[in-house]
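These notes are about the structure you will find just below.
No lab work stands behind these numbers, since they all come straight from the coordinates. Please read all numbers here as calculations on a predicted model, not as lab measurements. Every residue, glycine among them, receives a Cβ derived from its backbone with ideal geometry; neighbour counts consider all protein chains shown.
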Amino acid sequence: MASDPNETAGEPAAPLVIGLDAGGTRTRAVLARAADGRVLGEGAAGPGNALTVPSPLLTAHLAEAVARAVPEAARGRVVAVAGGFAGATGAARDDPGRLKALAALKDALRQTGVPACPIAVGSDIEAAFASAPGAPADGLALVAGTGAVAMRIAGRRCTATADGDGWLLGDDGSGFWIGREAVRRALRMADGRGGATVLAGAVGRALGLPGDVLPQDGPGASGWPRADRERYRMHLLPVVMAEPPTRLARLAPLVAGAAREEDPVARAILGEAADRLTDSVRALEPRAGERVVATGGLLGPDGPLTAGLTARLRTLGLTVDWVADGCRGAVALARIEYARSGCERRG
C-alpha cells in the first residue's frame with residue numbers, strides 16, 4: 001500500500017507509472033516514479049489470467065490492485081501503464097488474450113480514475129524478461145512453475161515459443177510434471193514395476209491415504225505386503241482423479257525434499273525435469289553468450305532445479321539471470337512507453 005503521495009513521490013507534479021503483473025494466482029500492481037522507477041506503492045488482488053478469468057472479474061481484480069497501489073490523490077499524475085498478463089502476448093495485436101486484457105485494464109483504470117497515457121499490454125513472460133537488470137530487449141525467457149515454457153524475446157516481444165502446451169500436451173519439467181512423476185513412480189513401486197522410493201509414502205501422506213496402506217519399512221517394498229499395495233493403489237487413484245490435474249504441482253516440493261535425502265528416484269525425476277527444460281531452451285536455437293532470464297517457483301537461488309539447469313545451460317554457452325516475477329519489468333516497460341509517447345508531464 002502506498003503512503004502519502006506528496007511525501008513519497010518527491011515533487012508534487014512528478015509523473016508516475018503503473019506496472020502490473022497479472023498471473024494465474026494473483027494480480028500485482030506497482031506504482032513508481034516515471035523518472036527513475038523508484039517504487040512508491042504496491043497492491044495485490046485475485047487472479048489475472050486473461051484467458052481463464054471472466055472479463056468482469058478480471059476488471060475487478062485489476063481495479064482492486066491499482067486502487068491499493070495508487071493513492072487517490074496521485075492517480076491524475078499517472079502517465080503510463082504496462083501490464084504483463086498470463087494468457088496474453090504482445091506479439092500479435094489481435095491476440096484474444098491481449099485484447100481481453102486491454103479492455104479489462106482500460107475499464108479498471110476508468111473505474112479508479114487513472115488517465116493513463118499510454119497503455120501497453122503483453123504477456124507476463126515478456127514482463128518477467130524485462131525484470132532482468134537493464135530491462136533487456138532481446139534474449140531467451142524460461143518459466144518453470146506449475147507450467148513450463150521457453151520463449152525467444154526480440155524487441156521485448158515474444159517471437160517464438162517452445163512448450164507451454166499445458167498439462168495434457170506438454171509443460172515438460174514443470175511443477176505439474178514433477179508432481180505427476182512422483183505419483184507415477186509411487187504407483188510403479190506399489191505394483192512392482194518400479195524401484196523403491198520414499199515418494200510412495202510421502203505422496204500417500206500428502207494425499208491423505210490411510211496410514212495402514214503406506215509402506216511401513218522405509219523406501220523398500222519388502223515390508224509392504226501385496227494386499228496393502230493393492231489398497232494403496234485403490235485409495236490413491238480416486239484421490240488424484242478427483243482433483244484438477246495441475247493440483248499435482250503441489251507434490252513437487254516432496255520430490256525436492258526426497259532428493260535432498262538422496263532418494264535415487266526423486267533425484268532422477270529432478271534430473272529429467274532439468275533435461276526437459278534444457279530441451280525447450282535448445283529448441284529456440286540459442287547462440288553462445290545469449291541471455292536467459294528465468295523465473296518460476298522451481299527456479300531462483302533456492303529452486304530445486306536451479307543447479308542442474310544452470311550446469312546444463314552452461315554447456316550451451318548460456319548464463320542465467322534469475323528474476324522473482326514481472327513487476328519490475330512491467331514498471332520498466334511502462335517507463336519505456338512513457339518515454340516513447342512524448343506525453344507531457346501532468347501536474
**Message:** Taking 0.36 nm per residue of sequence separation and subtracting the Cα-Cα distance, how much length would be gained by fully extending the chain between residue 316 and residue 99, in nm to one decimal?
**Reply:** 74.4 nm
**Request:** Hand me the trypsin sites (Lys or Arg not before Pro) from region 87-165 located in a DSSP loop with no more than 16 other Cβ atoms within 10 Å, in residue order please.
**Result:** 93
**Prompt:** What is the diffusion coefficient of region 42-120 in µm²/s, taking the Kirkwood radius over Cα pairs and the Stokes-Einstein relation at 37 °C with a viscosity of 0.692 mPa s?
**Reply:** 262 µm²/s
**Asked** Given labels modelled 7 Å from the Cα in the Cβ direction, how far is it in nm from residue 285 to residue 72?
**Response** 5.6 nm
**Request:** Return the distance in nm (one decimal) between the two label points of a simple spin-label model at residue 138 and residue 216, each offset 7 Å from Cα along Cα→Cβ.
**Result:** 6.5 nm
**Prompt:** Semi-axes of the chain's equivalent ellipsoid from the Cα gyration tensor, sqrt of 5 times each eigenvalue, largest first, rounded to whole Å?
**Reply:** 43, 22, 16
**Item:** Segment residue 260-residue 111, length gained on full extension (0.36 nm per residue, minus Cα span)
**Value:** 48.7 nm
**Request:** Treating the Cα atoms of region 89-184 as identical point scatterers in vacuum, please give the log10 of the normalised Debye intensity I(q)/I(0) at q = 0.14, 0.21 Å⁻¹, two decimals.
**Result:** -0.65, -1.06
**Request:** Please determine, in degrees from 0 to 90 and to the nearest 10, the orientation of helix 226-241 with respect to the longest principal axis defined by the Cα atoms of the chain, where the helix direction is its Cα long axis.
**Result:** 20 degrees
**Asked** Average projected area of the Cα convex hull of region 259-315, in nm²?
**Response** 4.1 nm²
**Item:** Using distinct alpha-carbon pairs, which all enter the 1/r mean, Kirkwood radius of region 138-204 in Å
**Value:** 13.6 Å
**Förster radius 41 Å - calculated FRET efficiency between residue 227 and residue 302, Cβ distance, rounded to 0.05** = 0.50
**Message:** With only alpha-carbon atoms in the gyration tensor, what are the semi-axes of the equivalent ellipsoid for region 227-347, in Å, largest first?
**Reply:** 39, 22, 12
**Message:** 5 Å is the cut-off here: which amide hydrogens, built 1.01 Å from N in the peptide plane, fall below it relative to residue 121, excluding neighbours closer than 5 in sequence?
**Reply:** 83
**Request:** Give, rounded to the nearest 20 debye, the magnitude of the charge dipole that the chain has about its Cα centre when Lys and Arg contribute +1 at Cβ and Asp and Glu contribute -1 at Cβ.
**Result:** 340 debye
**Fill in**
Relative to the compact-globule estimate 2.2 N^0.38 Å (N residues), the Cα gyration radius of region 189-291 stands at a ratio of 1.31
